[in-house]
1. Mind listing whichever residues of segment 45-74 are over 30 Å from Pro95 (Cβ atoms) and either open to solvent by less than 30 Å² (accessible area, probe 1.4 Å) or modelled with pLDDT of 90 or more (or both)?
2. Return only the number of the condition from (1) exposed (fewer than 15 other Cβ atoms within 10 Å of the Cβ); (2) within 19 Å of the chain's Cα centre (by Cα); (3) at pLDDT below 90 that Thr42 does not satisfy.
3. Within segment 5-17, take every residue that is over 15 Å from Val40 (Cα atoms) and part of a strand (DSSP E or B) and give me the one that is farthest from the chain's Cα centre (by Cα).
4. May I ask you to list pairs of residues, at least six apart or on different chains, whose Cβ atoms are under 7 Å apart, with the first in segment 7-33 being closer than 19 Å to Met121 by Cβ and the second being surrounded by 12 or more Cβ atoms within 10 Å (Cβ to Cβ) and of a type in the set (Ser, Thr, Tyr)?
5. List, please: which pairs have Cβ atoms under 7 Å, are six or more places apart or on different chains, and start with a residue in segment 67-86 that is touching a residue at least 12 places away in the same chain (Cβ under 8 Å) and over 20 Å from Arg16 (Cβ atoms) and end with one that is among the polar types (S, T, N, Q) and surrounded by 13 or more Cβ atoms within 10 Å (Cβ to Cβ)?
6. Only one of these is closer than 14 Å to Gln116 by Cα and either in a loop (DSSP other than H, G, I, E, B) or within 17 Å of the chain's Cα centre (by Cα) (or both): His36, His56. Name it.
7. Only one of (1) within 17 Å of Tyr105 (Cβ to Cβ); (2) among the β-branched types (Val, Ile, Thr); (3) open to solvent by 40 Å² or more (accessible area, probe 1.4 Å) fails for Val77. Which number is that?
Amino acid sequence: VEVAEMCLPSTCYFTRTYNGSIPGPTIVARRGQLLHITIVNTLSDKHNELGENLKHLNSTNLHVHGLHHLSPFQDDVDKVILPGETGTYEYAVPPFSSSSSMAWYHPHLHGSSTVQTAGGMFGVLLVDDEEEALVLTVQNCPIEGALSIKDMQWNDDAQDDAFDWKIN
């Protein structure tokens, strides 16, 4: 997790990111695999708390949508990775999940998840099926890719909520 400068046609801004990009890296796993993900939080502890509703802005964690049958120990939304700390996650990708699928990941720490996710901390997790990959190769079919779409726009009235984040 790091701060990166992102530029829109009319302005540039700084935001929290995974590996300096929006979206974060695409993670590829296979059915039945034990997936290891390490989060290194390089954010500063300065400005980590800004008032009653904005807490832990530079602390983080990881949450996955779309990997079914995970235990609460694997997908622990209460885990906290403080600034300067490292956290490790292990996800047992179910061997019986439906063939290839797409999931997504984002931070889920209460008090910072909205700011971090809306700022661009999210990414795609692809579950690949070895048998399907072999069929695609044998048939010489084009390989599919993940598409993550974001649309960041400024409101016309330029008020406190002037920045809209939308997925179309």
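1. First, the residues of segment 45-74 that are over 30 Å from Pro95 (Cβ atoms): 45-59.
Matches in segment 45-74: Asn48, Leu57, Asn58, Ser59.
2. Going through (1) exposed (fewer than 15 other Cβ atoms within 10 Å of the Cβ); (2) within 19 Å of the chain's Cα centre (by Cα); (3) at pLDDT below 90 one by one, Thr42 breaks only (3).
3. Only one residue fits best here, namely Cys12.
4. Every condition considered, the pairs that remain are Pro23/Ser148; Gly24/Thr17; Gly24/Tyr18; Pro25/Tyr18.
5. Partner pairs satisfying both residue conditions: His68/Ser97.
6. Just one listed residue meets the conditions, His56.
7. The failed condition is (3).
The values are calculated or read from the model by the stated rules, or taken from the named source; none is laboratory data. Quick caveat, the model's predicted, so the values are computed rather than measured. Heads up, the Cβs are rebuilt from the backbone with ideal geometry, glycines too, and the neighbour counts pull from every protein chain shown. The accessibility values were calculated without ligands, DNA or RNA, using every heavy atom of the protein model including side chains. Shrake-Rupley method; radii C 1.70, N 1.55, O 1.52, S 1.80 Å.
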